[in-house]
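What follows is a short report on a single structure.
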Amino acid sequence: MPVGAQNPKEDYILMISSSNFREKWAYELFSSIDKKYEKEVGMNVYAESLSLWFLDGPEAIEAKRDYLRRRYAHPPRLIIFIADLGWYACRPLLDTIWKDVPTIVCHSQPHSAKDINRRYTGAHIAEDQAVSIPAVRDRYKTTLLYAPVYVEENLRLVKEMQPQIKQLVVLLNDRYTSYIVEKRFEEVARKMFPSLSLKFITSGSTDTEQLLEQLSSFGSETGIIYGSWINRS
């Protein structure tokens, strides 16, 4: 597991993930950047986790910002955010001690909530409470790497692999982004496969034991798509 630095003074790259470094893709991304810059260029690469799944309110977010402010008072040469949530949480730092530091943001949705605290819920966020990520980008030296959620492609693939299915189960967490994904699944399935029944199981209302029990009860007429799952226990 990559760890952060102790008040680095030299040039360095900082990666902040509001996803999870234990996920294979996130760790491999860090490893490839670490290999390129630390081993080939001689620039240190540090990583910090800013997983808002385990920060239970604005006070906890502010405490994490204070930690980053103290530890990385000497600005990095580049900041890479894995998922846009960390970028939103760190915007007060980008407006102050990290001002004018170039950033790269890997994100999956074109919009986010204006108020970061609204991201804690899976409730609908009205259009006037959402902000375009590209619009916010214009205030900062930010490059966006958009990794879309392939809803149509996943639905089509499941139907090709299991043409007999009558129900599709989608596993999601209980955050704002998953709410958007859920609505997108409903919209696309209604258009492409109107007879297909959809069932969403979320980590906010179902624990892992209940999840396993439900999954074991499904037969061959049920397809399953894993979107995201957070085990907080």
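The values are calculated or read from the model by the stated rules, or taken from the named source; none is laboratory data. Everything quoted here is computed from the prediction, not taken from an experiment. Quick reminder, even Gly has a Cβ in these numbers, built from the backbone with ideal geometry, and neighbours come from all protein chains shown. These area figures cover heavy atoms from the full protein model, side chains too; ligands, DNA and RNA do not enter into them. Shrake-Rupley method; radii C 1.70, N 1.55, O 1.52, S 1.80 Å.
Structure notes:
- Exposure ranking of Trp229, Trp98 by accessible area [1.4 Å probe, largest first]: Trp229, Trp98
- The range 140-233: C-alpha gyration tensor shape, a/c 1.5 cut-off, then a/b vs b/c: oblate
- The distance between label points at Ala60 and Lys199 comes to 3.0 nm (points 7 Å beyond Cα on the Cα→Cβ vector).
- Solvent exposure, largest accessible area first (probe 1.4 Å, DNA, RNA and ligands not counted), of Tyr27, Tyr150: Tyr150, Tyr27
- Between Asn44 and Lys9, the modelled labels are 1.1 nm apart [label points 7 Å from Cα along Cα→Cβ].
- Nearest-10 value in Å² for the accessible area of Glu160, using the 1.4 Å probe: 130 Å²
- Solvent-accessible area, 1.4 Å probe, carbon plus sulfur percent, for the range 136-233: 50 percent
- Leu215 sits among other residues whose Cβ lies under 15 Å from its own Cβ, and their net charge, with Lys and Arg +1 and Asp and Glu -1, is -3.
- Amide hydrogen proximity for Met15: with H placed 1.01 Å from N in the peptide plane, the residues at 5 or more positions away or on another chain lying under 5 Å are Tyr46, Ala47, Glu48, Ile80.
- Where a label projected 7 Å from the Cα of Ala73 along Cα→Cβ would reach, residues of the range 83-100 with amide N under 15 Å: 97-98
- Taking other residues whose beta carbon is less than 15 angstrom from the beta carbon of Phe193, and scoring Lys, Arg as +1 and Asp, Glu as -1, yields +1.
- Computed label-point distance, nm, for sites Tyr27 and Glu187 using a 7 Å Cα→Cβ extension: 3.5 nm
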